[in-house]
Amino acid sequence: MKLRGAAVIITGASSGIGAATAVRFAREGARLALCARRFDRLQQVAERCRAVGATEVVLRKADVGRPSDARAFVNVALQHFERIDVLVNNAGRGWRGPLQQMPQEEVTELVSSNLLGCIWTIQAALPIMFETRSGVIINVASVVGFRAAPYSAVYSASKHALAGLGHALRGELSGSGVKVCTVYPGTTDTEFFGDHKPDGPLVQSADSVAKSIVRNARRPRRDVIMLPYRAGHLAEPLLGGLLDHALGEMRRNHHPEYRV
Ligand SMILES: NC(=O)c1ccc[n+]([C@@H]2O[C@H](COP(=O)([O-])OP(=O)(O)OC[C@H]3O[C@@H](n4cnc5c(N)ncnc54)[C@H](OP(=O)(O)O)[C@@H]3O)[C@@H](O)[C@H]2O)c1
């Protein structure tokens, strides 16, 4: 896909991977629609996008966990662009701790943001994608969407659900011209961890994940694991089981892009 002039919409673009992805698409000359709940932060990201060449950046304050917000975001993008070439479902939050200590409202918000938000946005975007018989949907899962991590039960479950959503949708959309790609980043240095800045050889930058997302918009793959290149020699002993599982999964899905 040519990205110059493409209509790209990104959820959760006010920081981290979403913001870095917006800037990467802006550099390619794409037209952008971005949403998140913090509008001031979205405006800062829009400035960065314009500084690297974006011609059109449409912003919408939205909580994607609310179906009406997700629909309104997609509709605003359509009013401007009349099509959607790339939808990046990136909005998400985490929570760490024993399951029995996770507050009920946190469970609801996490599942709403990470899973339901993705579903609402896809439902809103599919009619125009069917009409144009084109478009790429990229859902941002996580490596814990392959192998669940203890003390991240609900987060892991939400990301497993995204993996399942991607696999099911691919079947449903086969022949429609619409592609679905699920990306599984490893630990990425963003605001996701709050005050606990992640470090170590397995930590990657938001920009490296963004670069891979843009590459997959151009040439969509199916399941894409994203780990830092420099961690290649550590990945096997540290993540052995996870990687075996991931590689098997990707072999079954035919178009592997495995990057360590
Ligand atoms: N960092 C990692 O190690 C890592 C690894 C694997 C996968 N991921 C995934 O990558 C995605 C981006 O996370 P990040 O690391 O870039 O963290 P981040 O910097 O905290 O960014 C999260 C983004 O999602 C937005 N968001 C959260 N809930 C939302 C909602 N209900 N409606 C709209 N926007 C919402 C936030 O914006 P507002 O707060 O302004 O709404 C923010 O823009 C998430 O799906 C996360 O699960 C992260």
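Values as computed for the structure displayed
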read-out	value
Rounded percent of accessible protein surface that carbon and sulfur make up, the chain, 1.4 Å probe	51 percent
For the stretch 1-116, alpha-carbon Rg relative to the globular expectation (2.2 N^0.38 Å, N residues)	1.11
Kirkwood Rh in Å, taken over the stretch 7-259 so that all alpha-carbon pairs contribute	18.2 Å
Cα long-axis angle, helix 16-27 against the chain (0 to 90 degrees, to the nearest 10)	40 degrees
Shape of the stretch 144-232, Cα gyration tensor, a/c cut at 1.5	oblate
Choice from 43, 101, 123 with maximal GNM fluctuation in the chain (Cα, 10 Å cutoff)	101
GNM result for the chain, Cα springs below 10 Å: residue of 19, 77, 168 fluctuating most strongly	168
For the chain, accessible area per residue (1.4 Å probe, heavy atoms of protein chains only), Å²	46 Å²
Shape call, the stretch 133-187: gyration tensor on alpha carbons, a/c limit 1.5	prolate
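The values are calculated or read from the model by the stated rules, or taken from the named source; none is laboratory data. A quick note: this is a predicted structure, and the numbers were derived from the prediction, not measured. Just so you know, the surface numbers come from the protein's heavy atoms only, side chains and all, with ligands and any DNA or RNA stripped out. Shrake-Rupley method; radii C 1.70, N 1.55, O 1.52, S 1.80 Å.
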